[in-house]
Amino acid sequence: MDIACKNSLFTSLCEQVKENNRIDPERYNNQDIKRGLRNADGTGVVAGLTRICNVHGYVMSEGEKLPVKGELTYRGYSIEDLVRGSHGQGRFGFEEVVFLLLFGSLPTPEQLSDFCELLSANRELPEYFAEDMILKAPSPDIMNKMARSVLAMYSYDDHPEPENVENVLRQCIQLIAMLPAALGYAYQVKRRHYNKESMYFHQTVPGLSTSETILRTIRADAQYTEDEARLLDLCLMLHAEHGGGNNSAFAARVLSSSGTDTYSAIAAAIGSLKGPRHGGANLKVTQMLHDLKANIRDISDDEEIAAYLGKMLRREAGDGSGLIYGMGHAVYTLSDPRAVLLKQEAARMAEKNGYGDEFRLLDAVERLAPDVMLKVRGISRAVCANVDMYSGLVYRSLGISEDLFTPLFAVARISGWCAHRMEEYLTGNRIIRPAYKPFSKDKPYIELKNR
Ligand code: COA
């Protein structure tokens, strides 16, 4: 794939691309253009209505954004209640959340058991799919392989186009059920092809929850404890959905609004989630943690940590982006409820599995970062730890490879994408088509010989 891109023609074309595609950010401000579909105060431009989820992080009072404790509700039920309601009764909760997001109400015991059976019956990929579509063409990136797998499933479906609600719903349920298998095969073939490690494929066991299925798929010995499966289930519940405006759900809605097929819409959402500004941030937190461990001599010394965070903000340390990963959120201000729930579990698991120092470092970053951001960058707005601060540490405590951090997010979030696809299919009825304001000057055409 290394095409002749190193010659002088290519270098000069690159310069031309840079020159003719840069737009001064000031132009956005001067013309009141909503960069990133955001208002000047950072709130999102309202692009639609949804009954699926509410992400609440501030209240507006006399035109001012006032910080409040973060709340996340799926179909009106708070995430804390959903976790307490299922885990408190000794049940896995992810399947209940998927049912709630797709169908709009909490399942009865019978509905829940039927739905779990339905998912279980659809866990396997189509015959020869893994051999032909995954094993023969490994990818160094599991998200890339998952997106390609979803897109390839179109040709294994006798009715791939969105013919009616029943057909779209069937495709959604099958994709939700099968994505863990696509993750498993993509991961194993990546291990073998790129890491030069062994691959192992275990039989799918009917009746297991999504988190148990995943742990079986990715572990060499296919073994896991109830506690581990419950913790992964919590992660799946917390990552299942986050409103219509989040980048991947919006991508699914944009594609759905054009009338395209389910496979195209979900593959696009996976592509969006792969980005480091979206689902890829949990990996960035892990890389930040490695860097902090390598550079902080005394992790109990708040002053030393704060000084290092200051250097990160000044782009003198870290990955040079000027960001403290795991901090800040587009909506949440005082707290991200997902981070609050995960932090408790991260603390418990980290002590148990020898990651105590890592946990204490992240806790220090959470405590110290807002003050350092104020002093170094003048950021006075409320900044809290977000879900990515502790999710990576939880995965590491479960012995899960960094390769799988974002793919696990996708296995959970596909339920939200499918709910948004159904809502867009049933109610949108208009192609999403915002406008870009052109500002290039009209020019007379110049004949080739005169240029
Ligand atoms: N580290 C450093 N600076 C940060 C920051 C962070 N974690 N979070 C916000 N800021 C800065 C922004 O760069 C921006 O500065 P600028 O005006 O000089 O450009 C300013 O604070 C205002 O930020 P805000 O309006 O909150 O940003 P946002 O809503 O566009 O971004 C995030 C939200 C999540 C993208 C942002 O907080 C971020 O990049 N965090 C780190 C990455 C991360 O953890 N992502 C996971 C999200 S779940």
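The values are calculated or read from the model by the stated rules, or taken from the named source; none is laboratory data. All figures in this text were calculated on a predicted structure; none of them were measured in a lab. When we count neighbours, we look across all protein chains shown, and the Cβ atoms used for this are built from the backbone with ideal geometry, even at glycine. Just so you know, the surface numbers come from the protein's heavy atoms only, side chains and all, with ligands and any DNA or RNA stripped out. Shrake-Rupley method; radii C 1.70, N 1.55, O 1.52, S 1.80 Å.
What does the charge add up to near Leu49, with Lys and Arg as +1, Asp and Glu as -1, over the other residues with Cβ less than 13 Å from its Cβ?
For residues surrounding Leu49, the net value is +1.
Based on alpha-carbon centroids, what's the gap between the stretch 403-451 and the stretch 6-33 in Å, whole number please?
20
Going by a ≥ b ≥ c, the root eigenvalues of the Cα gyration tensor, does the stretch 127-221 fall in the rounded group (a/c under 1.5), the prolate group (a/b larger than b/c) or the oblate group?
oblate
If I compute solvent accessible area with a 1.4 Å probe over the protein chains, what percent of it on the chain is carbon and sulfur?
51
Please give the calculated 222 nm ellipticity per residue for the chain, where each DSSP H segment of at least 4 residues contributes -39500 (n - 2.57) and the sum is spread over every residue; nearest 500 deg cm²/dmol?
Helices in the chain give a 222 nm mean residue ellipticity of -16500 deg cm²/dmol.
How much accessible area does His329 have with a 1.4 Å probe, in Å² rounded to the nearest 10?
Taking all protein chains as shown, His329 has close to 50 Å².
Based on the Kirkwood radius over alpha-carbon pairs, what is the Stokes-Einstein translational diffusion coefficient of the stretch 119-172 at 4 °C with 1.567 mPa s viscosity, in µm²/s?
In µm²/s, the coefficient rounds to 104.
Considering only the other residues whose Cβ falls under 15 Å of the Cβ of Gly428, what net charge follows from Lys and Arg at +1 and Asp and Glu at -1?
+3
Longer than 31 Å from Cα to Cα, which of Lys65/Lys437; Lys65/Lys145; Lys34/Lys190; Lys145/Lys352; Lys145/Lys284 are they? Say none if no pair is.
As for pairs spanning more than 31 Å Cα to Cα, those are Lys65/Lys145; Lys34/Lys190; Lys145/Lys352.
Residue by residue through the stretch 274-288, which ³J(HN,Hα) values in whole Hz follow from phi under the Karplus form 6.51 cos²θ - 1.76 cosθ + 1.60 (θ = phi - 60°), with glycine and proline marked x?
Karplus-based 3J(HN,Hα) across the stretch 274-288 equals 4, x, x, 7, 10, x, x, 5, 5, 5, 5, 5, 5, 5, 4 Hz.
With r as the distance between the Cβ atoms of Leu374 and Ile23 and R0 = 30 Å, compute the FRET efficiency 1/(1 + (r/R0)^6) and round to 0.05.
Result of the calculation: an efficiency of 0.50.
Can you find, among Ile52, Met349, Met288, the residue sitting farthest towards the positive end of the charge dipole of the chain, where Lys and Arg contribute +1 and Asp and Glu -1 at Cβ?
About the Cα centre, the residue reaching furthest to the positive side is Met288.
Normalised by the number of residues in the stretch 281-397, what is the relative contact order in percent for Cα pairs under 8 Å and 6+ residues apart?
39
What does the C-alpha gyration tensor say about the overall shape of the stretch 1-104? Classify as rounded when a/c is under 1.5, otherwise prolate if a/b is larger than b/c, or oblate.
Oblate shape, in that a/c is at least 1.5 and b/c is the bigger or equal ratio.
Which shape class, rounded, prolate or oblate, goes with the stretch 281-397 when its Cα gyration tensor gives a ≥ b ≥ c as root eigenvalues, a/c under 1.5 marks rounded, and past that a/b bigger than b/c marks prolate?
Verdict is oblate for the stretch 281-397.
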